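Here is the structure we will look at, set down as structure tokens.
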Amino acid sequence: MDVIRTFADIEGSMLAEVGGKAANLGVLTRAGLPVPPGFCVTTEAYRRIAAGLGDVSDPARAREHILGTPIPDDIARAVVAALAALPAGPVAVRSSATAEDLPYASFAGQQDTFLNVAGPEAVLDAVRRCWASLWTDRAVAYRDANGIDHGSVRLAVVVQEMVQSATAGVMFTANPITGRRRQAVIDAAPGLGESVVSGAVNPDHFTVDPDTGRVLERRLGDKRLAVRSLPGGGVEHVTGERLDAACVTDAQLRELAALGARVESLYGAPQDTEWAFDASGRLWLTQARPITTLFPLPDEPHDGLRVYFSFSVAQGVFRPFTPMGMAAARAMSSGVSELFGNPVAAPLAGAPAFTEAAGRVFIDATGVLRSRVGRAIVPRVFDLMEARSARILRGLFDDPRLSVTRTSRGPFVRRLLKVMARHRVPITFVRALADPEGAERRVRRQSAAHLATLAAPAGASVAERIDHVATALVKHVTPTAPRVFPVAAAALPMLLLASRLLKGRATSAELQVVLRGVPRNVTTEMDLELWALAQRLRRDPEVAARFLREPAEVLAREPLPAPVRDFLSTYGHRAVAEIDLGLPRWSEDPTHVIGMIANYLRLEDPALAPDALFAKGVAEAEAMIEELAGRTRGLRRRLVRFALGRARELVGVRELPKFLIVQIFAELRAQLLGVGGELARKGLLAGAEDVFFVTLVEAKSGKDLRGRVAERRERYERELRRRHLPRVLLSDGTEPEAVASGGAAAEGALTGSPASPGQVTGIARVVLDPVGAKLVPGEILVCPSTDPGWTPLFLTAGGLVMEMGGPNSHGAVVAREYGIPAVVGTPDATDRVRTGQTITVDGTSGTVTIHDDTPPDAQDAVAVTPDAQDGPPTTEDAGATPSSRVSEPAT
């Protein structure tokens with residue numbers, strides 16, 4: 001392998017040879033974009049230097065090895081010769097790691113860059129220091145956070161003609177806060193772009209429409225600091241007076257936006273770029289990499305604006321679906337569509353409204369918003385199950401792009417009546433009102449009989465078994481809902497009747513008390529059964545001690561006590577994130593159940609026991625019924641008592657449909673495991689479990705699927721680390737909740753620039769120097785600015801507040817990647833916020849609210865030095881861990 005490659009020689013496929021930064025510069029150069037000329041010292045040179053590195057678990061030792069190893073003469077000569085081929089003058093020397101500028105991890109600022117390097121000896125020294133920077137604590141911590149193996153990473157080095165910029169900065173070709181695509185978001189400051197990238201300056205901030213060149217937002221920073229080149233090499237930081245005028249003209253902004261559009265078109269995805277205008281006004285492009293923090297858009301063709309609702313988030317499933325789980329969800333969506341009279345031509349492809357992004361299930365809700373009936377009904381339903389999504393959808397009602405086009409209620413009513421008639425909903429409804437216990441018993445009996453019919457035919461082939469599963473998903477899962485929901489829905493008219501009879505005599509809070517401790521809630525019954533199981537185990541001290549002592553993962557591999565086996569025989573079909581058919585059921589992996597039993601065994605306070613709390617809820621509900629009934633007289637009193645009692649009898653059944661559907665999932669999952677075993681025996685899969693990383697169609701294909709499974713497992717593991725999930729997403733990338741959150745700041749709040757969306761309330765920790773600093777997990781880091789040396793602190797921070805910097809600075813980029821709310825450019829934050837105070841950081845609106853102005857003297861530190869890091873506050877001092885109170889605007 002060559003040790004030198006010029007930019008013109010580099011192709012995008014050479015990541016292993018030249019690293020991410022150089023690969024991108026090669027692509028940009030070959031596309032004719034204005035990239036300063038340069039070359040790359042390839043990873044072959046690093047490999048030779050690092051050959052004796054050995055154990056990579058000690059970053060300090062690795063750095064010492066690289067810094068102490070002489071550069072071989074042939075490599076040094078090659079670097080000097082390539083340097084001589086560049087235009088005379090200083091160069092920029094930048095690290096280019098093989099794990100860098102990736103679609104899922106930017107590695108912004110994690111390895112070193114050296115600017116305005118003059119002379120061959122200085123260049124060789126900078127190259128060596130770039131190699132060593134692969135082993136800084138911050139780079140190691142970042143790789144750990146992104147699940148990247150240290151031993152697999154190599155480093156190349158970019159040497160590039162230095163642009164002596166008059167103005168420079170960063171441009172994102174999509175809005176990193178709102179998600180909106182086709183918006184150029186530009187931060188600019190005088191001098192070299194390092195001041196903007198590092199967050200050392202409050203830059204000018206602009207948002208530009210690249211299609212029209214119109215400046216949509218203009219916010220000027222003070223630009224008091226500039227980084228400038230020194231004549232003999234190196235740079236200086238120059239602090240001056242506040243600059244009130246913009247450092248770029250509107251014409252330059254239009255030129256930048258047009259350049260950004262060209263770069264995005266080249267890569268086919270939004271890009272994070274660095275740029276510079278030299279003294280003559282010429283625009284240079286010095287770097288481009290993917291924006292790693294944007295939520296992917298559904299890959300669906302569409303006309304006009306579409307609105308996607310996250311079904312995953314609404315169901316409380318934040319992890320990605322397995323490929324088979326997603327295939328099952330698609331098939332079931334076809335069943336739902338067929339239920340409402342819209343058969344799907346290709347059922348396994350899913351209903352037209354079904355889509356996915358980042359392994360999560362989304363529903364195209366555009367039709368709902370364009371329908372008068374949809375607007376009237378769906379947000380009200382969401383009010384009960386997903387209130388934040390309801391608010392977001394209502395906020396879109398005034399968007400002229402989503403005006404109502406279907407005004408008639410007739411088609412919806414006729415379709416609903418057909419569904420109700422076909423599934424005998426009115427009869428079920430009346431029977432439930434007359435006899436709740438009998439109605440539930442009837443539903444369970446029907447479902448058990450139906451489940452027994454879903455076994456695969458004896459002797460069926462792989463293809464026949466897959467067809468059987470597919471048919472069950474399309475035809476037999478969805479009808480469970482109309483069989484069961486009317487029983488629970490019968491509680492609603494009873495509550496409405498009681499509310500009407502008690503009008504002016506009862507509050508909504510009092511009516512809610514009536515619904516505590518309701519019977520026939522299968523989830524509550526399960527929890528109480530698990531508690532009773534723990535109490536039986538507690539009576540055997542030896543068994544209880546094992547559950548408290550041994551890790552759950554170990555106990556799950558051993559024979560389980562009979563009471564646990566009995567519990568799993570009833571509830572073993574359940575799972576965490578159980579609507580994903582691809583995830584193991586408790587009967588397959590009882591680790592979670594064992595962990596819950598251990599938690600119950602640690603509970604010593606009888607007043608906090610689940611059965612005691614449930615009984616208390618029952619008593620409070622029954623007492624409230626009598627209290628409310630006593631506020632009326634005669635027939636009205638009897639009706640109130642009957643209506644509220646009947647509502648309690650019925651409302652618990654709302655958990656039953658999912659319970660029964662998951663029973664079907666467990667049966668179908670067992671059949672698919674059998675298919676997986678057969679495919680593994682044929683050498684088409686590595687193991688039976690791998691069947692859940694292919695689709696139904698693929699499992700039936702007869703092809704070798706092992707490579708595809710490995711690729712999907714890697715992607716799945718990456719998606720498990722995604723922390724920011726939108727509740728509602730528009731097809732142009734906008735997250736409406738992020739846009740709506742940007743309102744006026746509360747009185748007394750600190751204001752800055754929104755940098756990473758979300759909101760967190762926690763304990764502030766003011767830090768002026770990252771050396772030796774520590775954060776209690778969940779504390780909010782308040783600091784002057786950040787460079788890459790600060791980023792290990794981000795791993796435990798619940799939020800970030802910076803006095804300096806813009807939304808495109810390196811600290812903001814890393815905060816978005818780690819999913820922590822961040823506000824930057826917040827004047828005097830380290831003076832106005834004190835360590836130990838409770839603050840709220842709103843990374844969407846750009847505000848910081850201080851909730852208590854007089855923290856304890858022990859925590860009253862204007863600056864926290866490394867010597868003061870081990871004291872209070874602790875997590876216990878703060879109550880709940882602050883990070884447990886994070887709420888992202890679109891998560």
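Rule-based calculations on the coordinates, nothing more; no lab input. Model, not experiment: these values are computed from the prediction. Positions of Cβ are generated from backbone atoms using ideal geometry, with glycine treated the same way; all protein chains shown enter the neighbour counts.
Near residue 682, which lysines are there with a Cα under 29 Å away, not counting those fewer than 8 places off in the same chain?
Partners within reach: 700, 703.
Through the Karplus equation 6.51 cos²θ - 1.76 cosθ + 1.60, θ set to phi - 60°, convert the phi angles of segment 203-218 into ³J(HN,Hα) values in whole Hz; use x for Gly and Pro.
For segment 203-218, the Karplus-derived couplings read x, 6, 10, 9, 10, 10, 7, x, 6, 10, x, 6, 7, 8, 8, 9 Hz, x marking Gly and Pro.
Modelling each spin label as a point 7 Å along the Cα-to-Cβ direction, I'd like the residue 686/residue 265 distance in nm, to one decimal.
So the label points at residue 686 and residue 265 sit 4.2 nm apart.
Tell me the mean residue ellipticity at 222 nm calculated for the chain from its helices only (DSSP H runs of n ≥ 4, each -39500 (n - 2.57), averaged over every residue, nearest 500).
Taken over the chain, the calculation gives -12500 deg cm²/dmol.
Find the eigenvalues of the gyration tensor of the Cα atoms of segment 421-499, then list the square roots of 5 times those eigenvalues as equivalent ellipsoid semi-axes, largest first, in whole angstrom.
Its equivalent ellipsoid spans semi-axes of 34, 12, 8 Å.
Measuring from a point 7 Å past the Cα of residue 499 along Cα-to-C-beta, which residues in segment 377-415 have an amide N at less than 17 Å?
Once the point is set 7 Å along Cα→Cβ of residue 499, 377-387 turn out to lie under 17 Å by backbone N, inside segment 377-415.
What's the exposure ranking of 531, 586, going from fewest to most Cβ atoms within 10 Å?
If I rank by nearby Cβ atoms, fewest first, I get 531, 586.
Can you work out the FRET efficiency for the pair residue 397 and residue 507, with r the C-beta to C-beta distance and R0 = 25 Å, to the nearest 0.05?
Given R0 = 25 Å and the Cβ-Cβ separation, E is 0.30.
If amide hydrogens are placed 1.01 Å from N in the peptide plane, which non-local residues have theirs closer than 5 Å to the one on residue 156?
Amide H neighbours of residue 156, under 5 Å, 5+ apart: 96, 97, 98.
With a point put 7 Å past each Cα toward its Cβ, work out how far residue 545 is from residue 370 in nm, to one decimal.
Reported label-point gap for residue 545 and residue 370 is 6.9 nm.
Could you work out the local net charge near residue 38, counting Lys and Arg as +1, Asp and Glu as -1, over the other residues with Cβ closer than 13 Å to its Cβ?
Value of the local net charge: +1.
Fully extended, how many nm does the chain gain between residue 81 and residue 720 (0.36 nm per residue separation, minus their Cα-Cα distance)?
Full extension of this stretch gives 225.4 nm more.
Please list 3J(HN,Hα) in residue order for segment 182-198, calculated via the Karplus relation 6.51 cos²θ - 1.76 cosθ + 1.60 where θ = phi - 60°; whole Hz, with x for glycine and proline.
Here the 3J(HN,Hα) series is 6, 9, 8, 10, 10, 10, 9, 8, x, x, 6, x, 4, 5, 7, 4, 7 Hz.
For segment 406-420, what does the Karplus curve 6.51 cos²θ - 1.76 cosθ + 1.60, with θ = phi - 60°, yield as ³J(HN,Hα) per residue in whole Hz, taken in order and with x for Gly and Pro?
Karplus values, whole Hz, x for Gly and Pro: 10, 9, 7, 8, x, x, 5, 4, 4, 5, 5, 5, 5, 4, 5.
Skipping prolines and chain starts, which residues have an amide H placed within reach, meaning under 5 Å, of the one on residue 202, given they are 5 or more residues away or on another chain?
Amide H neighbours of residue 202: 222, 223, 224, 225, 805.
For the peptides 458-468, 326-336, 246-256, what is the packing order when you average, over each peptide's residues, the other Cβ atoms within 10 Å and list the highest mean first?
Sorting 458-468, 326-336, 246-256 by mean packing, highest first, produces 326-336, 246-256, 458-468.
Sorted by mean Cβ packing within 10 Å, highest first, what order do the peptides 676-687, 407-418 take?
In descending order of packing, they fall as 676-687, 407-418.
Using the beta-carbon distance between residue 418 and residue 31 and R0 = 51 Å, what value does 1/(1 + (r/R0)^6) give for FRET efficiency, to the nearest 0.05?
In this case the efficiency is close to 0.35.
Assign unit charges at the C-beta atoms only (+1 for Lys and Arg, -1 for Asp and Glu), then state the dipole size of the chain relative to its Cα centre in Debye, rounded to the nearest 20.
5060 debye
Using 1/(1 + (r/R0)^6) with R0 = 41 angstrom and r between the beta carbons of residue 67 and residue 713, what's the FRET efficiency to the nearest 0.05?
0.65
Just grab the label-to-label distance for residue 673 and residue 245, each label 7 Å out from Cα along the Cβ direction, in nm (one decimal).
Reported label-point gap for residue 673 and residue 245 is 7.4 nm.
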